[in-house]
Structure formats: C-alpha cells, structure tokens
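All remarks here apply to the structure that follows.
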Amino acid sequence: MSEYKTIDVAATQMLDKAKEIGFLTTFDRAKAQEPRCTFGNTGICCRICLQGPCRILPKKPGGNKGVCGAADYTIVARNTVRYIAGGAAAHSDHGREIAETLLHTAEGKLKDYQVTDVDKLMYVAKNIGVETEGRDANAIAKDVASAALAEFGRINEAEELTWLKSYAPENTLNIWRKTTVMPSGINLSLAKLLHQTHVGNDSDPVNIIFGGLKVALCDIDGQHLATDLSDILFGTGVPVVTEANLGAIKADKVNIAVHGHNPLLSQMVVKAAKGMQDEAKAAGATGINLVGICCTGNEVLMREGVAIATNFATQELAVMTGAMDAMVVDVQCIMPSLRSAAECFHTKIVTTSPIMKIPGSYHYAFDEARAMDSAKEIIRLAIDAYKARDKAKVSIPNITNKVVAGFSLEAMLNIFKKVNPDNPIRVIADAIESGEIKGIAALIGCNNLKGTHDQNHTAIAQELAKNDVLLLAGGCSAQAHALAGMMNGEAVQQYAGEGLKKFYARLNAASGLTTDLPLMFHMGSCVDYSRMQVLVNMLAAEMGLDNSEVPYVVSAPEAMSEKAVAIGAWNVAYGNPTHVGVIAPTVGSQLVNDVVTKIAEDVFGGYFFWEPDAAKASARLIDILEERNWKNVMRKKARDAKAEAN
C-alpha cells in the first residue's frame, strides 16, 4: 500500500522522486493543512465584512450569530452562492473570449483562425434563431458570435438568455420562470448576486439560494455557448485513439504540456508543432511531443488526439519527470507551485493570460491577432530548454494506458445512427425501457486531496458499470479514468455488467470504428458539460418524460473548485440528482442543508447529496436510477389503464 494518497502508480513513482529531492508537492501541503478549521469546513465562517471573520458558536450567547446579527443559515447561504458566482464568472468569461475570437474571425480580422465546422455553425444558428438561408458562413458566424456576446451585457430583465431558452425543455423553462431563477444577462446576474450578499443586504437563505441558482444557470449558458463556438472554430470532436499517463512524456522528444481551460492558444500550439518538427530535430531531439493536463488537455484530446499526461492534483509531477521542457498554461486550475517545481529542473513555465500570471514564469501575452506567431515563439522556447535538459534528472514512469475519446454529442449520435438511422436517441431509450441498462451517470469534477487522488472517481465508475449504468465522463474525472486504463474496450469486458456489455456489443457491431468503444464516453472538458445535458434533454423528449424523471444522475467524487459548485447547482435546477464526494460547506446550517438536499427536489426535481464513501455513494446513485425507472413504469401502466378504460 502506497504511503501517498493516490491510486496512480506513475504518480507514486514521481512522489518518491519529489521526496528524494526535497520538493513539497500538493500532497504534502494538503497533509500540512490538517486538521482543517471546522468553521470553514461547515460554512459557518463569515468574512464578507471587516468586522469579521465571524464564526458561529451555537451554544454561546451572542456567539450564535455574527456581529451584524447574521444567523448560521444566512452565512452559509451567502458563502455557498458566492462559490457559484466565482464558478460562473470563470466559465462565462471563457465563453466570452471564444465568442470574441469567433466574431473577429468572421469579420476577417484574424489570419490564424477560421470557421472549421460549418455544419455545427448551421446547427447552432438554427437553434438560436439566426437566419442562414442564402448567407455565407462568415456572415452567419458573425451573427452567432454577436448573439453570444449579447448574453453578457443584456440589462433588460424581461429578456431571457438565448442559449438557455433555445435548448432547455419548455417545462423546465417554466419552472425556472415561476421560481424567478431564469436569468437575462450574465454580467447583470453576477453583479446582482454579489450585491445581494453584501453585508447588510439579503438575510433570507431561500431568497439567497434562488439568486445563486439564477447565476448557476448563467454558468450553463456560458458553458454551452463556449462549447458550441469552440466546435465551430476548431472542429467538433470525433473518436480518437491515444494514450494517457506520465509515460506519454517522451525522453527523446521536446515535450510541451498544454494546461488550463481555454483552447484558443493550445490549438495553435498543436498546429504549429506539426510544422516545427525539423527545428526540434536540429536541436538533437527526434521531434516535438505534446501532452495535455486538465481541461485544455481535454480540449486538444477531443479534437487532435493529444495524449493526457495527468490531471489536476498531479500536475507538478509532470515537471518531476525531468523531461518536461515547457508547460504552457492559460487559465483556471493551475497551481502556483508549478514555478517552484520548475526551479528544480530546466522546465519553462509559460503563462499566456493577462489574468493568470505566476511570479518568475515566462509570460507570452496571448494576442489573437498573432496567435500562430505566439505559438511558434513558445515552441522555440521549449526547444531551447531541451538543449539545457539534464539527462541525469530524467525519470519517466513507463506507464501508459490506451484511451478512446472524442465523443462529442454529435459523435455519439452518429454511432447510435448506425443502429437506428431514423431516430438515434431511441437507441438509449430502448436500452433503458427494456432494462438492458439502468440509466445514465455523468462522472464529472476535479481532484480533492481530502480523499485519495482518483480513488473515488474510479471506484464509483466501476460499481456503476457493473450495475449496467451507461457512463459519460468529462473534466479531470475523465482523466482519472483515462490514467487508470478505464477508457478503452478492454475495460468494458473487465468492469461492465451483462446488460451494458450487450449494449456495447450492439454499438460495436454497427459503429464501423477500428477499435471497440470504451467503458465511458469522454465528452470533453468541464466547460463541455452542456453536451451531457442536451443528451438528457433529447432523451426526455423521446421518452415522453420531464427532465426530472429521466434515469440520469451526476457524480462529482472529488469536487474542488468554485466551478464545481456552480455546475452542481445548475444540474439540480435541471432536475438532476447530484452526488458530491466531499462534505459541502452547507452542513453548518441545518436549514440550508435541508433546502439543497431535500426541498430542492420538491421544486426542481434535482437535489444534492454528500457522500465521501464510494461504495455508499454508488449504492445511492443506483437506487435513484432504479426508483426513477420504477416510477416511469408505474406512470406508463397508469396511462395505459386510463387509455384502455376510455
């Protein structure tokens, strides 16, 4: 049994190396934070004003409320929705940058970008009401990008966010309207929520939570338009075969990792590297090797087949191999400690965003007007670093696993179409209604070293697969499965139940792919979770169900970031039961905790539940799917009986 809190053997080898050279990794820092503050852990520490921090001591007269008189339920609600605001700001700002680049591309201002997927452009334009007849692609793209940018600055609260109202089912939209959580503008909703939670403002926990849900719906709106517009610019993912784990780093090549969440520059790095192999060879390498980390890695995996090196918690360990020549980072989930790790080696850490800098790193300010030039400059920096590499320090774990990924919603439907050409989504509906599969689970989220790295991700996936649950995956959760060798056809034979095996056998026989389908469908980065929700929306329509009746669950076994809170909140608003594998900072208020874990179901059909134990979480998720299936069977019997009686 490893002394480290990870199930990844490659990570264990690198942690041994870090120990040898005396570098303290995130695993060491997580351990040093124990024991954590109970007030912060449970959400009853308030730092919103300078009179604090105030902590709630329920049995102490005067200490049972903050200085201003805020009760535990007010403090917990405010803290929770401010997490949502941070997450929604991150995802939506990502989407805004993509929209600006598409607009400037359509206007002919950018030489390095182009509309790559015209079919996706036409699909999106039709859905959001942009005229396409008789118009060229750039004119349509300009209007689509303008519609996306309008989502941010809209101030008329009578209007509704375009992507939400264009894709969500009408019954779901009506629930949001009745509960006043349907947003109009992203920036407006964010500003109002921060105002609402300022000291001396709203103290009603339910009203605060509803304000948070409005912003959470801005999060899915920003995610959705980011995914659609990225597909239009760079192409929509199709099945690819590659590899994952630290063995994807190659000792004889110039190794460059792309890390973060925004594909605007990473796509250019991939493109530039293809034409710069000779420069690397002139420096003594056999070529240039690109690997991905976190969700920028997921983006270039989906579209380009770039291998995954590792995920969030183990990002420092890619540097520890001694063979990482440059790590190019953009925004979100980038540890400041990467620069400290690089000091032990020759690795160049390159920041590219004006809002994400690390002291001591190289900064190449990303400019969309000269994106390819920037990419080439960064690659040449990596080539120069390769020349200074100390071969004695190179130690790459000889561990990789086959990965089959690239399953955009379009790619999945194309596979289903081989089974049912007239109605592809009916393939899943039939499998559920026949009992072949119990339903669908979305495996999402980050890493959190309050538990063991990647353990709950993989344990829950294995248990759900054994019980015939169709798995979707994204974000660092998808990378956990890829690193562990669970994202290939062999994993189906090893882990899937008999019903799920039959489902896959039918797809494999018809798909025409050169390799068997994997145990779960990798659907992209954390900003791509709208792909999963659109699939559920389609399935609900096909099965004649409300969203909250579809046998669909969401699991974030190692939720970590503010984005995770926002994602979980919009899933609940959509009607999806959502598991979180860490104890959330809502438990400090029984009232707020009951609202999000129980009362939410009465209003939206979705709800949270917290469960750090993988076995217990899996059992609960399976119970939820079985209960929804049983209710759907009973509803159908009741409808049939009524029809027969009439």
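The values are calculated or read from the model by the stated rules, or taken from the named source; none is laboratory data. This one's a predicted model, so the numbers in the text were calculated from it and none came from an experiment. All Cβ positions, even for glycine, are placed from backbone atoms using ideal geometry, and neighbour counts span all protein chains on display.
Condition first: among the acidic types (Asp, Glu) and either closer than 17 Å to Leu539 by Cα or in contact (Cβ under 8 Å) with a residue 12 or more places away in the chain (or both). Now tell me which residues in the stretch 614-646 satisfy that. Lay out the reasoning, then the answer.
Taking the stretch 614-646 first, the residues among the acidic types (Asp, Glu) are 623, 626-627, 640, 644.
Selection gives Glu626 alone.
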Residue in the stretch 311-350 that is nearest to Leu381 (Cα to Cα), counting only those that are touching an Asp or Glu at 6+ places or on another chain (Cβ under 8 Å) and among the hydroxyl-bearing types (Ser, Thr, Tyr) = Thr347
task = Report, by residue number, each residue of the stretch 396-426 that is without any contact (Cβ under 8 Å) to a residue 40 or more places away in the chain and within 25 Å of Leu625 (Cβ to Cβ).
result = Leu413, Asn420, Pro424
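For the stretch 267-296, how many residues meet the condition of being farther than 30 Å from Ile444 by Cβ and either loosely packed, with under 15 Cβ neighbours inside 10 Å or small (Gly, Ala, Ser) (or both)?
The initial filter retains those residues of the stretch 267-296 that are farther than 30 Å from Ile444 by Cβ, namely 272, 274-288.
Next, from what is left, pick out any that are either loosely packed, with under 15 Cβ neighbours inside 10 Å or small (Gly, Ala, Ser) (or both): 272, 274-275, 278, 280, 282-287.
So the answer is 11.
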Exclusive hit being in contact with a helix residue (DSSP H, G or I) (Cβ under 8 Å, 6 or more places away or on another chain) and of a type in the set (Gly, Ala, Ser), set Ala509, Ala505, Ala484 = Ala484
request  = Go through the stretch 173-188 and give me each residue that's buried (at least 21 other Cβ atoms within 10 Å of the Cβ) and touching a residue at least 60 places away in the same chain (Cβ under 8 Å).
outcome  = Ile175, Trp176, Val181, Ile186
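Of Met543, Met520, Met532, Met560, which residue is aliphatic (A, V, I, L, M) and over 30 Å from Tyr83 (Cα atoms)? Steps first, please.
On the way: Met520 fails: over 30 Å from Tyr83 (Cα atoms); Met532 fails: over 30 Å from Tyr83 (Cα atoms); Met560 fails: over 30 Å from Tyr83 (Cα atoms).
Just one listed residue meets the conditions, Met543.
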task = Could you tell me whether Met324 is farther than 25 Å from Asp93 by Cα and touching a residue at least 12 places away in the same chain (Cβ under 8 Å)?
result = yes
message = Yes or no: the stretch 568-587 includes at least one residue that is crowded, with 24+ Cβ neighbours inside 10 Å, at pLDDT 95 or above and in contact with a His (Cβ under 8 Å, 6 or more places away or on another chain).
response = no
query = Got at least one residue in the stretch 31-54 being farther than 27 Å from Ala216 by Cα and outside any loop (DSSP other than H, G, I, E, B)?
reply = yes
inquiry  = So in the stretch 510-530, with the set limited to residues that are in contact with an Asp or Glu (Cβ under 9 Å, 6 or more places away or on another chain) and within 24 Å of Phe608 (Cα to Cα), which one is surrounded by the fewest Cβ atoms within 10 Å (Cβ to Cβ)?
reply    = Ser530
ask   = Of the numbered conditions (1) under 30 Å from Met268 (Cα atoms); (2) loosely packed, with under 15 Cβ neighbours inside 10 Å; (3) touching a Pro at 6+ places or on another chain (Cβ under 6 Å), Gln114 satisfies every one except a single condition; which is it?
value = (3)
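Out of Asn156, Asn207, Asn171, I need the residue that is assigned to a loop (DSSP other than H, G, I, E, B) and of a type in the set (S, T, N, Q). Which one? Before the answer, list the steps.
Working: Asn207 fails: assigned to a loop (DSSP other than H, G, I, E, B); Asn171 fails: assigned to a loop (DSSP other than H, G, I, E, B).
Within the list Asn156, Asn207, Asn171, the selection yields Asn156.
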message = Restricting to the stretch 592-612, give me the number of residues that are more than 22 Å from the chain's Cα centre (by Cα) and either assigned to a loop (DSSP other than H, G, I, E, B) or among the hydrophobic types (A, V, I, L, M, F, W, C) (or both).
response = 7
ask   = Somewhere in the stretch 365-385, is a residue assigned to a loop (DSSP other than H, G, I, E, B) and either crowded, with 18+ Cβ neighbours inside 10 Å or touching a Pro at 6+ places or on another chain (Cβ under 9 Å) (or both)?
value = yes
message = Restricting to the stretch 64-88, name every residue that is surrounded by 21 or more Cβ atoms within 10 Å (Cβ to Cβ), farther than 16 Å from Lys192 by Cβ and small (Gly, Ala, Ser).
response = Gly66, Ala70, Gly87
query = Which of the residues belonging to the stretch 367-379 are within 27 Å of the chain's Cα centre (by Cα), over 25 Å from Ala323 (Cα atoms) and touching a residue at least 24 places away in the same chain (Cβ under 8 Å)?
reply = Glu368, Ala371
